[in-house]
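The values are calculated or read from the model by the stated rules, or taken from the named source; none is laboratory data. These figures come from a predicted structure and were not determined experimentally. So basically every Cβ, Gly included, is an ideal-geometry build from the backbone, and we count neighbours across all protein chains shown. Remember, those area values only see protein heavy atoms, side chains included, never the ligands or the DNA or RNA. Shrake-Rupley method; radii C 1.70, N 1.55, O 1.52, S 1.80 Å.
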Amino acid sequence: MKSTFNEREYIQSLPGYKEYETTVDGITVYYSENELVARFFYGKSKKSKLSYRYANLEKMICRIEDRIKTQFDINVAKEERKKSDAIMAKENRAKVKVGDVFHTSWGYENTHVEYFQVVARRTATQVLVRQIGQTQEDNGFMSGRAKCTPDIFIGEIKKCTIDKYGNLVKADEYGHKAYPGNIEDTHHVSWGY
């Protein structure tokens with residue numbers, strides 16, 4: 001059975017504990033000047049991540065300020081990463097053109113490769129693709145190299161989303177991701193007994 005104890009609510013109800021005032025998102029601190037204890041909650045967590053007892057009030061306040069500054073720096077880094085990810089996603093999605101070839105590669109003892117060709121752009125983040133054929137050349141015991149055969153369609157049109165890295169999400173019936181390539185690329189394939 002899952003515990004329903006909410007430490008955050010419990011601490012708020014204790015006499016002598018106050019919430020430390022801060023405008024930084026992602027951190028809440030409850031402290032007691034009498035007990036010289038600070039409890040740090042991150043995000044919406046009901047359980048404290050850190051709980052410390054300090055030698056004096058000055059050290060406690062200094063440590064609280066230090067943790068809040070660290071959380072502020074984390075928040076700034078997250079925002080910068082979010083902006084750079086948005087720029088990267090826009091650039092990578094814009095690179096996908098009609099006629100581009102993508103491939104999946106999956107399996108354990110058997111390595112399966114499937115090829116897909118973009119037949120239309122729907123939106124900035126979606127394309128229509130069709131599975132295309134491939135040729136295989138044996139190059140060892142139960143293994144070989146596969147190469148796509150562009151414009152030789154074997155599957156129905158399927159809608160795919162382009163992720164921020166320029167890959168196709170859920171390209172095949174099993175939900176595998178498809179990676180960009182070109183028509184000259186070959187990929188390892190293998191088959192079982």
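Using only Cα atoms, find the angle between the long axis of helix 57-95 and the longest principal axis of the chain, and express it within 0 to 90 degrees, rounded to the nearest 10.
The helix 57-95 is inclined about 20 degrees to the chain.
Could you give me the ³J(HN,Hα) list for the stretch 14-25, computed from phi with Karplus coefficients 6.51, -1.76, 1.60 and θ = phi - 60°, whole Hz, x at Gly and Pro?
My calculation for the stretch 14-25 gives 6, x, x, 8, 10, 8, 6, 6, 8, 9, 7, 6 Hz in order.
Rounded to the nearest 20 Debye, what is the dipole magnitude of the stretch 69-193 about its Cα centre when Lys and Arg each give +1 and Asp and Glu each give -1 at the C-beta?
Value, rounded to 20: 780 debye.
Which GluC sites (Glu not before Pro) in the stretch 72-150 pass both tests, a DSSP loop state and at most 14 other beta-carbon atoms within 10 Å?
E109
Where nothing but the Cβ of Lys and Arg (+1) and of Asp and Glu (-1) is charged, how large is the charge dipole of the stretch 59-109 around its Cα centre, in debye to the nearest 20?
240 debye
Would you mind working out the accessible area per residue for the stretch 1-116, using a 1.4 Å probe, and quoting it in Å²? Write out the running numbers ahead of the final one.
Working: 8050 Å² over 116 residues.
Per residue, the stretch 1-116 has an accessible area of 69 Å².
Would you mind checking which residues have amide H under 5 Å from I152's amide H? H placed 1.01 Å from N; only 5 or more apart, or other chain.
When sequence neighbours closer than 5 places are left aside, the close amide H contacts are G133.
What residue among F141, G107, I61 has its Cα farthest toward the positive end of the dipole of the chain, where the charges are +1 on Lys, Arg and -1 on Asp, Glu, each on the Cβ?
I61
What nm value, rounded to one decimal, do you get for the distance between K46 and E173 when each label is placed 7 Å out toward the C-beta?
Reported label-point gap for K46 and E173 is 4.3 nm.
Over what distance in Å are the Cα centres of the stretch 1-42 and the stretch 154-193 separated?
Comparing the Cα centres of the stretch 1-42 and the stretch 154-193, I get a distance of 49 Å.
In a solvent-free Debye calculation with one equal scatterer on each Cα, what is log10 I(q)/I(0) for the stretch 1-137 at q = 0.09, 0.10, 0.15, 0.18 Å⁻¹, listed in the order of the q values?
-0.58, -0.63, -0.81, -1.01
So what is the 222 nm mean residue ellipticity for the chain from helices alone, if each DSSP H run of at least 4 adds -39500 (n - 2.57) and you divide by all residues, rounding to the nearest 500 deg cm²/dmol?
On the way: 2 runs with 46 residues, N = 193.
About -8500 deg cm²/dmol.
Can you list the residues, at least 5 places off or on another chain, whose amide H is less than 5 Å from the amide H of Q126, using H built in the peptide plane?
Residues meeting the criterion, in which the H sits 1.01 Å from N, are I162.
Counting other C-beta atoms within 10 Å, and keeping those with at most 16, which DSSP coil trypsin sites (Lys or Arg not before Pro) do you find in the stretch 133-184?
K164, K170
Residue-wise, which Karplus ³J(HN,Hα) couplings in Hz belong to the stretch 152-167, taking 6.51 cos²θ - 1.76 cosθ + 1.60, θ = phi - 60°, and x for glycine or proline?
9, 7, 10, x, 7, 5, 9, 8, 10, 8, 9, 7, 5, 8, x, 9
Kindly sort W106, W191 by accessible area of their heavy atoms, largest first, with the probe set to 1.4 Å.
Numbers: W106 60, W191 90 Å².
Largest accessible area first, the residues go W191, W106.
In percent, how large is the relative contact order of the chain, given Cα pairs closer than 8 Å and 6 or more residues apart? Show your work: numbers first, answer last.
Numbers: 360 pairs, mean separation 29.9, N = 193.
Reported as a whole number, the value is 15 percent.
Give me the percent of accessible area attributable to carbon and sulfur for the chain, probe 1.4 angstrom.
Using a 1.4 Å probe with all protein chains present, the chain comes out at 52 percent carbon and sulfur.
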